[in-house]
Amino acid sequence: MYHILRVILYRLWVFSTLTLFSSVFVFWLYGFIIAFTIFSFGIAGILYSAQDLLLYYPNDPSDSRVFVLQPSNYKLPYESIKIKTKDGLKIHMFLIKQATNCNHKPTMIFFHGNAGNMGQRLSNVSGFYHQLNINILMVEYRGYGLSEGVPSEYGLYIDAQAAIDYILQRSDLDRNKIMLFGRSLGGAVAIDLASRIEYRNKIWALVVENTFTSIPDMAQIILRWKCLKWLPKFCHKNKYMSIKKMGQVLTPTLIICGSNDALVPPGMAKDLYTRCGAICKKIAVIPGGGHDDTWTCRDYYASIQQFLLNAPAIRSEITPFSDEVIKNPSIHTIVHTV
């Protein structure tokens, strides 16, 4: 609680100071009731604005917005890509392709967590590349790493849509084997994408790891304020209501959770599994796994590999992709191949 208040006061000190002094001034002129009303609205505004500060940490560590570790550090072949989203921002991505037969291998779209940048996940991605024998598209959300903009819930959803649109216009990748992977906050982004009517039939598999049911649920767990149970949803600036969206997810789904996750309770993974609308779904509890290190545990990659081997082929009713998708003029890319 002390940490949360310190972050709010440090990051929003101007707004906080103006609220305090304006309340004192109004009290001196008009009395207690009006001053208290203004003070209450000011505090509400501060708390509403502070929600982004408590959820998104693109500057952790401090050089995360200027330095992004390259896949070449792990001897991975890659393309450094910048694409323009539908709202005009350029986001940064790494496309790591298998050296041979990359157009016959699944392609994973990797959505990272709420802190740092995608380069900090390359050790995990190297494991995916070598042990699962797949291609990986790493996405750096707006406001993170070398991407433009400021993070927001709606903005991250747009970034995810831009990423899958990019894969769909690549003729050198198998567009019938697109899988989504998301860890923590990235899991909520992946679930949103998989639940959308225009995309869910284009996704071959979904894997989420240590992700939550919703931000309002997480707020109750972290803050432990009983009053949050009755707080209306519109008071939450970021909601990420994955628990409601899971019923719209039809693609084969694997939900991974670490048994020792101290941030996101493993019970949330079970709730997501129960609500998932997919016929083919599985939950894997990794013994000893914490929130950030489940991927280092034994049998982690084997669990995902086994799931992918058993995942049924993409549904036959999906309409084959046409050349119109490949030539989509709304997607602009800047590619640097290494």
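For the stretch 130-142, the Karplus equation 6.51 cos²θ - 1.76 cosθ + 1.60, evaluated at θ = phi - 60°, returns couplings of 7, 8, 9, 6, 10, 8, 9, 10, 8, 10, 9, 4, 4 Hz by residue, with Gly and Pro reported as x. The C-alpha atoms of the stretch 99-234 occupy a region whose extents along the principal axes are 56, 33, 28 Å, arranged from largest to smallest. Across the stretch 289-294, computed HN-Hα scalar couplings (Karplus, 6.51 cos²θ - 1.76 cosθ + 1.60, θ = phi - 60°) run x, x, 5, 9, 10, 4 Hz from first to last residue, x flagging Gly and Pro.
For the peptides 133-144, 67-78, the ranking by packing is 133-144, 67-78, with the highest mean count of neighbouring Cβ atoms within 10 Å listed first. Per-residue SASA remark: R275, around 120 Å² accessible (1.4 Å probe; ligands, DNA and RNA not included).
Extension gain, T274 to I222: 0.36 nm times the residue separation minus the Cα-Cα distance gives 16.4 nm. Between Y74 and N59, the modelled label-to-label distance comes to 2.7 nm, taking each label 7 Å out from Cα in the direction of the beta carbon.
Note that the stretch 101-171 carries a Kirkwood radius of 13.1 Å, evaluated over its alpha carbons pair by pair.
All C-alpha to C-alpha distances of the stretch 170-224, sorted into 10 Å bins beginning at zero, yield P(r) values of 23, 41, 24, 9, 3 percent in whole numbers. Length gained on full extension, D299 to D52, computed as 0.36 nm times the residue gap minus the Cα-Cα distance: 85.4 nm. As a fraction of the 1.4 Å probe accessible area of the stretch 141-241, surface on carbon and sulfur atoms comes out at 56 percent.
The values are calculated or read from the model by the stated rules, or taken from the named source; none is laboratory data. All values derive from a computational prediction rather than experimental measurement. Note that we place each Cβ from the backbone using ideal geometry, even for glycine, and neighbour counts take in every protein chain shown. Ligands, DNA and RNA are excluded from the accessible area calculation, which covers all protein heavy atoms including side chains. Shrake-Rupley method; radii C 1.70, N 1.55, O 1.52, S 1.80 Å.
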